[in-house]
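See structure below.
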Number of protein chains: 2
Amino acid sequence: MSPDIETLIQKISRLPGLGPRSARRIVVHLIKNREQSMEPLLSSMGDVHANVKVCPVCSNIDAFADVCSICADKKRRRDVVCVVESVSDLWAIERTSCFGGQYHVLKGLLSSLDGQGPEFLRLDKLQKRCHEDNVSEIIIALSATVEGQTTDHYIKKFFQEKNIKITSLAHGIPIGGELDYLDDGTLFTAFSARG
Amino acid sequence: MSPDIETLIQKISRLPGLGPRSARRIVVHLIKNREQSMEPLLSSMGDVHANVKVCPVCSNIDAFADVCSICADKKRRRDVVCVVESVSDLWAIERTSCFGGQYHVLKGLLSSLDGQGPEFLRLDKLQKRCHEDNVSEIIIALSATVEGQTTDHYIKKFFQEKNIKITSLAHGIPIGGELDYLDDGTLFTAFSARG
């Protein structure tokens, strides 16, 4: 095998969710479909590399001059900020179009196992923003995992006594979910939070 | 989401084994790890795009001038040709280093469902090669699926009465396999072919 191919397989196998076997399959596909697959992918990745940056305000990733398109959008409310773990979560919320405010993307959740402390949350930056934009509500939209809930709790504590409403996403039965198949924790939460 | 990012996600989600969700994860990873991941991947894919071609003799993919490194290797036997379905199968055989001959990579297996007829096997090319290189044995190394075995049978028929020994890989119990967990077909084959 040519060293060029070997290097490419290695690079692709290190991407999240992929391994050596799937990387080999992808590389064979790319080489066999040079015009339809490899060339468009190369040019598209080049575009992203040239244009896409991390927004200095909310840490969203986007192609922009000063701030990302969400921060720059005059039609969006500036007094509600939604805290998410990652850009994929931001995209997921944007797909539902249920939220018209601003975002604050964390660098990661609090996790002693991974050595991620409060500096990953960049709360001082969020606090400054709350002050400047007169933010009245912070919506914490984190996963219902141990790390997510610990971080949720930490953020609530941090903004206590700062006269800002802090809310979290509701927990309960997912839409389309059958009672019979739910885990005990979800069922318990759904019962306690009934309304 | 910026259209650049959207296009890249779309291109990546069309690669084999990936979908929109895994493509989104990969793109976020690439953008967040610009220097460690996106740049090496871009340059490595550029190298492959510039250097790697399909070998005109055996259809292997490699970086070469006239013919691929396997066809050009003077130390390899020229009188044994191994027929494989794809370059990944060639790589798998090369990893075992059990074979020191030449290869013939098919464009695909015979499959009426996918509309793949005998032209996908390029047997006329293989026959010409057999004549020129005085090939004494063709080893058919195809998957033990319906398409693989149909193609195996077709190739054997094609080279009948041409004074070339045609062999196929052995079928039986895989190494490390437990009898109890084997399917009936394999166990039956292993019994019939005992020796």
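If the condition is being farther than 20 Å from A:LEU15 by Cβ and more than 8 Å from chain B (Cβ to nearest Cβ), then region A:29-43 contributes A:GLU35, A:GLN36.
Close Cβ contacts (under 6 Å, 6 or more residues apart or on different chains) running from residues in region B:153-174 that are under 18 Å from B:PHE191 (Cβ atoms) to residues that are surrounded by 15 or more Cβ atoms within 10 Å (Cβ to Cβ) and of a type in the set (S, T, N, Q) comprise B:HIS171/B:THR189.
Being acidic (Asp, Glu), in contact with a helix residue (DSSP H, G or I) (Cβ under 7 Å, 6 or more places away or on another chain) and either outside any helix (DSSP H, G or I) or within 14 Å of chain B (Cβ to nearest Cβ) (or both): is that true of A:ASP47 here?
Details: acidic (Asp, Glu): yes; in contact with a helix residue (DSSP H, G or I) (Cβ under 7 Å, 6 or more places away or on another chain): yes; either outside any helix (DSSP H, G or I) or within 14 Å of chain B (Cβ to nearest Cβ) (or both): yes.
Answer is yes for this residue.
Tell me, yes or no, whether region A:31-51 has at least one residue that is modelled with pLDDT under 95, within 19 Å of the chain's Cα centre (by Cα) and loosely packed, with under 15 Cβ neighbours inside 10 Å. No, that holds for no residue. Taken over region B:11-29, the criterion of being more than 29 Å from the chain's Cα centre (by Cα) and open to solvent by less than 40 Å² (accessible area, probe 1.4 Å) is satisfied by B:VAL28 alone.
Keeping to region A:86-107, report how many residues are more than 18 Å from A:LYS157 (Cα to Cα) and in a loop (DSSP other than H, G, I, E, B).
Summing the residues that are more than 18 Å from A:LYS157 (Cα to Cα) and in a loop (DSSP other than H, G, I, E, B) in region A:86-107 gives 7.
Considering A:MET45, A:MET1, the condition of being out of contact with any Asp or Glu (no Cβ under 6 Å at 6 or more places or on another chain) and closer than 16 Å to B:ILE5 by Cα is satisfied by A:MET45 alone.
Among the residues making up region B:108-123, none is touching a residue at least 24 places away in the same chain (Cβ under 8 Å), over 16 Å from B:HIS153 (Cβ atoms) and over 15 Å from the mean Cα position of the chain (by Cα). Residues in region A:160-195 that are over 20 Å from A:ASP89 (Cα atoms) and of a type in the set (A, V, I, L, M) were compared, and the one that is most open to solvent (accessible area, probe 1.4 Å) is A:LEU179.
For region B:124-174, the set of residues classified as farther than 20 Å from B:CYS98 by Cα, more than 21 Å from the chain's Cα centre (by Cα) and part of a loop (DSSP other than H, G, I, E, B) consists of B:ASN134, B:PHE159, B:GLN160, B:GLU161, B:LYS162, B:ASN163, B:ILE164, listed by residue number.
Answer yes or no: is there a residue in region A:63-84 that is touching a Ser or Thr at 6+ places or on another chain (Cβ under 6 Å), modelled with pLDDT under 90 and hydrophobic (A, V, I, L, M, F, W, C).
Taking region A:63-84 first, the residues touching a Ser or Thr at 6+ places or on another chain (Cβ under 6 Å) are A:63, A:79.
Remaining after also requiring modelled with pLDDT under 90: A:63.
Now narrow it down to the ones that are hydrophobic (A, V, I, L, M, F, W, C): A:63.
There is at least one residue in region A:63-84 that is touching a Ser or Thr at 6+ places or on another chain (Cβ under 6 Å), modelled with pLDDT under 90 and hydrophobic (A, V, I, L, M, F, W, C).
Per the conditions (1) in contact with a helix residue (DSSP H, G or I) (Cβ under 7 Å, 6 or more places away or on another chain); (2) assigned to a strand (DSSP E or B); (3) of a type outside the set (Val, Ile, Thr), the sole criterion not satisfied by B:LYS53 is (1).
Every residue, every condition in (1) closer than 30 Å to A:ILE93 by Cβ; (2) more than 9 Å from chain A (Cβ to nearest Cβ); (3) in a helix (DSSP H, G or I), yes or no:
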position: B:ASP4; (1), (2), (3): yes, no, yes
position: B:ILE12; (1), (2), (3): yes, no, yes
position: B:LEU18; (1), (2), (3): yes, no, no
position: B:ALA23; (1), (2), (3): yes, yes, yes
position: B:VAL27; (1), (2), (3): yes, no, yes
position: B:CYS58; (1), (2), (3): no, yes, no
position: B:ASP62; (1), (2), (3): no, no, no
position: B:CYS71; (1), (2), (3): no, yes, yes
position: B:ARG76; (1), (2), (3): no, yes, no
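If you go through region B:110-132, how many residues are surrounded by 13 or more Cβ atoms within 10 Å (Cβ to Cβ) and at negative phi?
Number satisfying all stated conditions: 12.
Listed here are the residues, each with its yes/no results for (1) under 17 Å from the mean Cα position of the chain (by Cα); (2) surrounded by 19 or more Cβ atoms within 10 Å (Cβ to Cβ); (3) outside the structural domain of A:SER143 (by TED's automatic domain parsing).
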position	(1), (2), (3)
A:ILE61	yes, yes, yes
A:ASP66	no, no, yes
A:ILE70	yes, yes, yes
A:CYS82	yes, yes, no
A:VAL87	yes, yes, no
A:GLU94	yes, no, no
A:CYS98	yes, no, no
A:GLN102	yes, yes, no
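Please state which one of B:GLY177, B:GLY185 is outside any helix (DSSP H, G or I) and at pLDDT below 90.
Details: B:GLY185 fails: outside any helix (DSSP H, G or I).
Answer to the selection: B:GLY177.
The values are calculated or read from the model by the stated rules, or taken from the named source; none is laboratory data. Bear in mind the structure is a predicted one, so any value in this text is a computation, not a measurement. Every residue, glycine as well, gets a Cβ built from its backbone with ideal geometry; the counts of neighbours run over all protein chains shown. Please note that ligands, DNA and RNA were not included when accessible areas were found on the heavy atoms of the full protein model with its side chains. Shrake-Rupley method; radii C 1.70, N 1.55, O 1.52, S 1.80 Å.
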